[in-house]
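Here the structure comes first, spelled out in structure tokens, and everything after it is commentary.
All of the numbers you see were taken from the coordinates with simple rules; none came from a lab. Here the structure is a predicted model, which means the values were calculated and not measured. Note that each Cβ is placed from the backbone with ideal geometry, even for glycine, and that neighbours are counted across all protein chains shown.
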Amino acid sequence: MEGEREAVKARDFDAIVGPWIEPGYRLAVAMLRDPDEAQDAVQEAAVKAWRSLERLRDSDQARAWFLSIVANQCRSTMRRRWWSVVRLPSRDAAAGSPEEPAVQYVDLDRAMRRLSHDDRAILHLFYFLDLPIDEVARVIGISAGAAKTRIYRAVHRLRPELELMEEDLR
Amino acid sequence: MTIREDVRNHFEREAAHHPAPQGLRAATLSHARGRGIEKRSAQWVAGVVAAVLAVAIVAGLVAVGGYRRAHNVPAVRPSPSASPLHPTVKGPIPTGVPVVLYWRTVAADGLYAASWGGAVYKVATLPVYQGLVTQSPDGSRVAVGFIAYDTTTAAPEPLPFGPNPSVTVTWADDSRHLCQVRVVGGDGSPSDISVGLPGSPEVKLARLGVNVQQSPGPTVLACSYLNRKVVVAQVGFGRDTHDLWVLNWDTGAVEYHRTYRVPTKYGVIDGTFTVASPDAQYVAETDAVTGSATIRRLADDTLVAHLDGEEVHGFSWHGDRVVAAPRLPNVDLVNSATSDPAVVDWRTGKTEWKAPVGAVFGGRLAAQPDGSGIALDLRTGTHGAIWMIGSDGAGRQVDSDIQFLVTGLIGLV
């Protein structure tokens with residue numbers, strides 16, 4: 001009986017959580033900017049999702065539910081990573097890829113890297129994953145109104161920085 | 001190129017730099033299934049081993065006559081509630097004890113409650129993933145999605161509306177009624193403001209304001225069943241208030257209306273950030289240009305206090321004390337002032353409490369029902385903590401390593 005129950009749970013788990021593993025990884029990369037740590041965060045989030053699968057009452061909510069676990073796991077990782085405040089971007093990340101000569105992207109990428117991990121998460125969810133504002137709010141754990149304000153603030157932080165850089169180049 | 005395209009391109013380049021590892025999905029699912037089962041087994045084994053060891057130690061102490069003496073030395077009790085980061089959790093919330101809810105972790109069993117005396121309780125496990133959580137002022141209930149739950153028993157009760165993502169609720173000061181804002185249509189449409197009780201139909205008070213994409217739009221600042229008033233603000237992109245209305249709870253009549261200066265175009269620093277006291281008697285207006293705040297008594301539209309170089313984040317229950325933080329003039333309202341928060345009695349101008357050096361206001365606060373206490377979250381680095389400031393101005397940290405307060409005042413954080 002126990003074995004059968006585990007098998008059913010495993011099947012449900014794969015069907016419900018499976019489609020959101022890669023989006024979860026992408027969100028974790030956006031927040032942590034480190035592919036190895038992102039993979040660890042998604043793995044740990046998946047373990048937590050497995051253990052709390054019974055609490056997910058509506059599988060339509062699976063995307064927001066799993067991404068919110070990933071976001072929380074990333075925040076825990078950041079909290080543990082006390083050295084992150086003095087950590088410099090890796091040489092690869094700072095210089096850009098040699099295969100990508102698009103110099104005009106460098107300033108934007110640099111500006112994005114200067115945003116907080118929560119700001120990058122909220123922009124990733126809204127602009128890249130195209131989540132509706134209510135779902136962005138659920139993932140981050142705030143109200144829809146607060147999510148709108150934070151998107152605006154994040155964009156605001158991004159734009160002035162870009163303008164400033166353009167001025168610096170003149 | 002639009003900001004959406006800019007941001008999308010950035011994340012697409014990031015995805016190209018750091019593609020998902022091959023087999024990520026299968027490996028992650030398999031790892032989770034394995035670890036989940038293994039952890040449960042390990043926890044069970046560890047529990048059995050701990051119990052056996054405890055029995056053996058107690059038996060040994062009794063045998064050598066040392067059991068009584070053991071009470072005379074400080075005992076180390078390895079229980080989860082004795083964590084050095086968290087205070088002892090006293091079990092479920094006792095009936096009738098007002099509490100402030102907060103998240104240790106954002107999960108179904110991650111909600112905790114602090115009484116105004118500083119005791120910490122565990123909130124019943126709730127299906128928090130089904131929606132946003134807003135607490136009643138006394139913490140006895142939370143609204144999750146379109147259900148109200150008792151925070152001690154988890155007993156559900158339907159809110160006065162069905163599943164509808166365009167409704168935002170705020171608990172009233174009696175902790176039983178609710179104020180609701182419902183977006184009527186699409187972009188550019190107004191909102192309906194209504195009041196109601198869980199389990200009963202809502203009563204519509206007014207249709208006002210406008211909803212523009214990414215703007216909070218019509219927002220309830222205070223919902224007072226006891227004073228029969230609802231304070232609603234039209235909030236713009238950058239926390240700026242365009243209009244403020246006071247509605248009569250019984251008739252929906254507009255008892256007060258004020259319009260504020262608004263930024264004329266993107267990049268222009270102007271506007272006013274407003275918060276209201278929970279009893280709907282006062283509103284604090286922080287001006288982006290002057291970087292100062294005024295306190296306005298709504299009953300007679302009189303300015304009763306001026307806080308020079310301060311942003312006001314919220315009030316105590318009857319509006320006599322505010323949480324304020326130093327603010328510079330000509331700073332965009334979108335940047336809230338959070339460093340060096342303090343509790344100020346605006347009637348005397350006396351600063352009653354100041355946050356520890358280096359701590360910043362996390363953005364959420366709660367007022368002690370019918371009292372003068374204020375609870376707020378403070379952040380030091382990436383660590384959050386819940387603090388309570390009593391009527392005597394003494395502040396104390398109640399719990400640490402928290403995510404944030406629930407409160408009924410979310411929306412403008």
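Measuring r between the beta carbons of B:Ser30 and B:Ala394 and using R0 = 51 Å, the FRET efficiency lands at 0.45.
For B:Met388, A:Met112, what's the fewest-to-most ordering of other Cβ within 10 Å of each Cβ?
Fewest to most other Cβ atoms nearby, the residues stand as B:Met388, A:Met112.
Listed values for the range B:228-242 are Karplus-derived 3J(HN,Hα) couplings in whole Hz (6.51 cos²θ - 1.76 cosθ + 1.60, θ = phi - 60°), namely 6, 9, 10, 9, 10, 10, 8, 9, x, 3, x, 6, 7, 8, 9, and x replaces Gly and Pro.
Close amide H pairs (under 5 Å, H built 1.01 Å from N) link B:Arg321 with B:Ser316, residues at least 5 positions away or on another chain. Couplings 3J(HN,Hα) for the range B:347-355, derived from phi with the Karplus relation 6.51 cos²θ - 1.76 cosθ + 1.60 (θ = phi - 60°), are 5, 9, x, 7, 7, 8, 7, 10, 5 Hz, where x marks Gly and Pro.
What number comes out for the charge environment of B:Asp173, summing +1 per Lys or Arg and -1 per Asp or Glu over other residues with Cβ under 12 Å away?
That sum, taken over residues with Cβ under 12 Å, equals -1.
Model label sites at B:Ile3 and A:Ser59, defined 7 Å from Cα along the beta-carbon direction, differ in position by 3.7 nm. Computed from backbone phi with θ = phi - 60° and the Karplus coefficients 6.51, -1.76 and 1.60, the 3J(HN,Hα) list for the range B:196-202 is x, 10, x, x, 10, x, 7 Hz; x is used for glycine and proline. Residues B:Lys90, A:Lys48, ranked from the fewest to the most other C-beta atoms within 10 Å, line up as B:Lys90, A:Lys48. Taking the average, over residues, of other Cβ atoms within 10 Å as the packing measure, peptides B:355-361, B:224-230 rank B:224-230, B:355-361 from highest down.
In this simple spin-label approximation, A:Arg157 and B:Thr88 carry label points 7 Å from Cα along the Cα→Cβ vector, and these lie 4.1 nm apart. When only alpha carbons are used to place a centre, the range B:179-222 and the range A:121-159 end up 21 Å from one another. Could you please report the charge total around B:Arg8, scoring K, R as +1 and D, E as -1 over all other residues with beta-carbon less than 15 angstrom from its beta-carbon? Spelling it out: positives minus negatives among the neighbours equals -2. What the Cβ-Cβ distance of B:Ala253 and B:Lys350 gives, at R0 = 41 Å and to the nearest 0.05, is a FRET efficiency of 0.65. Neighbours of B:Ser391 by Cβ distance under 11 Å: Lys/Arg scored +1, Asp/Glu scored -1, total -3.
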